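J.: Below is a structure I'd like to ask you about.
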Amino acid sequence: QVQLVESGGGLVQPGGSLRLSCAASGRVFSYNVMSWYRHAPGKQREWVASISTTGTTNYADSVKGRCSISRDNAKNSMTLQVNSVQPDDTAVYYCHVKQGSFVYWGQGIQVTVSS
């Protein structure tokens, strides 16, 4: 089992930046892919970004160019930063880990973009 705990989030002003962290504990494999998803009210859950243990990153078109994902393999942690946020970035953000055939989700953390 892997436990995921998200932190950060809260209220962010339009045009500002959001920064989220995810800490993984338990049976973390030496290779995995850590990702962020988000679920906005009235919309389907959306993949945001991913990073593998080897550092390969991918971003959704909705955040590409204003988003950065990073990780610290020694600490089994991941960070997401999204710049120039707008109200459309308001959502519950979820940390996700895929390792082998196993998938794990965090409990989610609210991010609200509003003035």
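J.: Mind listing just one residue for me: the one in the range 23-50 that is of a type in the set (Ser, Thr, Tyr) and surrounded by fewer than 16 Cβ atoms within 10 Å (Cβ to Cβ) and, of those, farthest from Val113 (Cα to Cα)?
T.: Ser30
J.: If Gly100 satisfies all but one of (1) buried (at least 18 other Cβ atoms within 10 Å of the Cβ); (2) within 24 Å of Gln1 (Cβ to Cβ); (3) of a type outside the set (Phe, Trp, Tyr); (4) over 10 Å from the mean Cα position of the chain (by Cα), what's the number of the condition it fails?
T.: The number of the failed condition is (1).
J.: Another one. Can you report the number of residues in the range 25-66 which are modelled with pLDDT of 95 or more and part of a strand (DSSP E or B)?
T.: 17
J.: Taking the conditions exactly as written (open to solvent by less than 60 Å² (accessible area, probe 1.4 Å) and modelled with pLDDT of 95 or more), does Gly9 satisfy them or not? Show your work before the answer.
T.: Numbers: open to solvent by less than 60 Å² (accessible area, probe 1.4 Å): yes; modelled with pLDDT of 95 or more: no.
Here the answer is no, as Gly9 does not meet what is asked.
J.: Any idea which residue in the range 77-91 is nearest to Ser25 (Cα to Cα), counting only those that are in contact with a Cys (Cβ under 9 Å, 6 or more places away or on another chain) and either open to solvent by 40 Å² or more (accessible area, probe 1.4 Å) or assigned to a loop (DSSP other than H, G, I, E, B) (or both)? Spell out how you get there, then give the answer.
T.: To start, the set of residues in the range 77-91 that are in contact with a Cys (Cβ under 9 Å, 6 or more places away or on another chain) comprises 77-83.
Checking the rest, the ones that are also either open to solvent by 40 Å² or more (accessible area, probe 1.4 Å) or assigned to a loop (DSSP other than H, G, I, E, B) (or both) come to 81, 83.
Values: Gln81: 22, Asn83: 28 Å.
Among those that are in contact with a Cys (Cβ under 9 Å, 6 or more places away or on another chain) and either open to solvent by 40 Å² or more (accessible area, probe 1.4 Å) or assigned to a loop (DSSP other than H, G, I, E, B) (or both), it is Gln81.
J.: May I pose another question? Regarding the range 92-110, can at least one residue be identified that is touching an Asp or Glu at 6+ places or on another chain (Cβ under 8 Å), assigned to a strand (DSSP E or B) and not aromatic (Phe, Trp, Tyr)? Show your work before the answer.
T.: First, the residues of the range 92-110 that are touching an Asp or Glu at 6+ places or on another chain (Cβ under 8 Å): 93-95, 106-109.
Imposing the further condition that a residue be assigned to a strand (DSSP E or B) reduces the set to 93-95, 109.
If we keep only those that are not aromatic (Phe, Trp, Tyr) too, we end up with 95, 109.
Yes, the range 92-110 contains a residue that is touching an Asp or Glu at 6+ places or on another chain (Cβ under 8 Å), assigned to a strand (DSSP E or B) and not aromatic (Phe, Trp, Tyr).
The values are calculated or read from the model by the stated rules, or taken from the named source; none is laboratory data. These numbers come from a predicted model, not from an experiment. Note that we place each Cβ from the backbone using ideal geometry, even for glycine, and neighbour counts take in every protein chain shown. To get the accessible areas, we keep the full protein, side chains included, count just its heavy atoms, and leave off ligands, DNA and RNA. Shrake-Rupley method; radii C 1.70, N 1.55, O 1.52, S 1.80 Å.
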